[in-house]
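Working notes, beginning with the structure itself.
Throughout, read-outs are computed from the coordinates displayed, never taken from laboratory work. Just so we're clear, the structure is a prediction, and the values are computed from it rather than from any experiment. Cβ placement follows ideal geometry from the backbone for every residue including glycine, while neighbour counts extend to all protein chains displayed.
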Amino acid sequence: MNSSRGKVVTKKFIEIIVKPDEINGQFSLGATLSSGQTSEASWVRANSGFWNVEEVDGQLLKYEVRQVGTVEKPTLHVKLIGMHSSQSSTAIKDYLTKILRLNDDLKEFYSKFRNDPVEVTFNPCKGLRLMLASNPFESLICSISSQNTSIKHWNSIIQSIKARFGKKVLLLDGSSFYMFPKPKSLARVGEDAIRSCKAGYRANYILTASRLVAEGKLDLVKLSKMSYEEAHRSLLGVYGIGPKVADCFLLYGLGFTEAAPVDVWVHRIIQQLYKKSMSVNQVRAFLRNRFGLWAGYAGLYLFHFARLRSSQLV
DNA sequence: AGCCAGGCATCAG
DNA sequence: CTGATGCATGGC
C-alpha cells in the first residue's frame, strides 16, 4: 500500500478515465475550452490538454484533462495530483461531469433544431459544450470584468486579481497556483488596487459586487434557487451588472441554460442568420422564446461560430 | 491614428 | 421606453 518506505517509487498521481458511454453524445474538449466562455478563465493549456485547481471536499486538487479518441466517441484521461486516498474517483468523476456538463444531451439539441438556421453552426462547433464554473463568485467577477473588452484582456484582469490578492498554493508536482480571492478579501483591497490590475472603470463594479457578496446582500446560493426571470431581475439592481453580464453569470456561474448572453457577436450573427433587424433586447427575447432551455447552447454555438468565421477558420 | 472588444451608467427626449 | 455618449485598456 504505502510505498514511501519501500524501494518502489511513490506514484504521485492517479489517473481516471471517462469512457464514451459516460458522456452524453459528442464532446470536444478543445472547442469547449477555447470558446471564450466566462467560466473558463482559470483553465491552463498544457501539453495536449488542460489543467485546473479546485477545492474538492475541502481538499486541494489539481486535475489535468486530456481527450483521446474522437469527438463522436470521446474518452477523457484525467490525471489527479494531490488526491487523498480517501477520496473516491467516482466523486471526482461526478465533479467533472458536472462542470464539463457531460450529461447534457447534445444529440437532442442537434436533432431538435436541425431545421433551424442555427444548424449551420453544428458542424463547425460539433462537441462544443457549455461549462459550469466551479466557483460562482469567481464567475461573477469574470462576467463583470468581461464587459466591453476582449477575451484576452479580461482573462488578464482575472489572472492579475488572482496573483495579487489570491492565496498562493503549492502543488505536489512542484507547480504553484493562485486561488481566486474570497469575497471578503477582494472587498477589502480598495478600488485603486483593483484598478492596478488593468481593470479600468470596471474596478468600481468589481469592488461593489465583492462588497455586496461579502456582506451577504447579494446571496449567490439564494439566486441559484430563484426562477431565471427573478434571478435576472434582481441582478440588474447591482451597480455594474446589466442584461448581458447577468446572463453570463446565470449561465456559466449558476447553470441556468435558458440564459443567452447577447453581445455584439451574437447580435450581429442573429440578424444575419434570421434576416431580421433587431435590437439587443429583441435578440435576447428571441433566443429565449425560440430555444427555451437550449437558449444558452444556441447562444454559445452562434458566438463561437461567428468568431471562428471571422478568423477564417470555417 | 482610429476603431473595436462577450456593455453599462447616465442623461435627454 | 429608446437612443446617444463617456468610459480604461489593449490589439490590430
Point to revise | Cβ-Cβ under 7 Å pairs, at least 6 apart or on other chains, the stretch A:149-174 side closer than 16 Å to A:Phe137 by Cα and touching a residue at least 12 places away in the same chain (Cβ under 8 Å), far side crowded, with 19+ Cβ neighbours inside 10 Å and aromatic (Phe, Trp, Tyr) | key: A:Lys162/A:Phe180; A:Gly166/A:Phe180
Exercise for review: Go through the residues of the stretch A:153-160 one by one and say whether even a single one is closer than 15 Å to A:Gln37 by Cα and of a type in the set (S, T, N, Q).
Suggested key: yes
Review point. How do the helices (runs of 4 or more DSSP H) wholly within the stretch A:143-214 filter down when requiring 2 or more residues that are away from DNA strand C (no atom under 14 Å from the Cβ) and either crowded, with 17+ Cβ neighbours inside 10 Å or of a type outside the set (Ser, Thr, Tyr) (or both): which remain?
Key: A:151-165, A:183-188, A:202-214
Practice item. State whether the residues of the stretch A:76-84 include one that is closer than 20 Å to A:Leu293 by Cβ and either outside any strand (DSSP E or B) or hydrophobic (A, V, I, L, M, F, W, C) (or both). Key: no
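Considering each residue of the stretch A:220-247, count those that are more than 11 Å from DNA strand B (Cβ to nearest atom), outside any helix (DSSP H, G or I) and exposed (fewer than 12 other Cβ atoms within 10 Å of the Cβ), and give that number.
Within the stretch A:220-247, the first condition is being more than 11 Å from DNA strand B (Cβ to nearest atom), and the residues that meet it are A:220-231, A:233-234.
Remaining after also requiring outside any helix (DSSP H, G or I): A:226-227.
Then drop every residue that is not exposed (fewer than 12 other Cβ atoms within 10 Å of the Cβ), which leaves A:227.
Residues in the stretch A:220-247 being more than 11 Å from DNA strand B (Cβ to nearest atom), outside any helix (DSSP H, G or I) and exposed (fewer than 12 other Cβ atoms within 10 Å of the Cβ): 1 in total.
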Check your understanding: Does A:Ala133 satisfy the criteria of being away from DNA strand C (no atom under 16 Å from the Cβ), farther than 23 Å from A:Thr32 by Cα and surrounded by 18 or more Cβ atoms within 10 Å (Cβ to Cβ)?
Key -> no
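Test of understanding: among A:Ser48, A:Ser34, which residue is within 16 Å of DNA strand C (Cβ to nearest atom), without any contact (Cβ under 8 Å) to a residue 40 or more places away in the chain and either over 23 Å from A:Phe303 (Cα atoms) or surrounded by 15 or more Cβ atoms within 10 Å (Cβ to Cβ) (or both)?
Criteria check complete, one pass: A:Ser34.
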Check your understanding: Would a scan of the stretch A:55-63 turn up a residue that is farther than 15 Å from A:Ala41 by Cβ, part of a helix (DSSP H, G or I) and without any contact (Cβ under 8 Å) to a residue 12 or more places away in the chain?
Key -> no
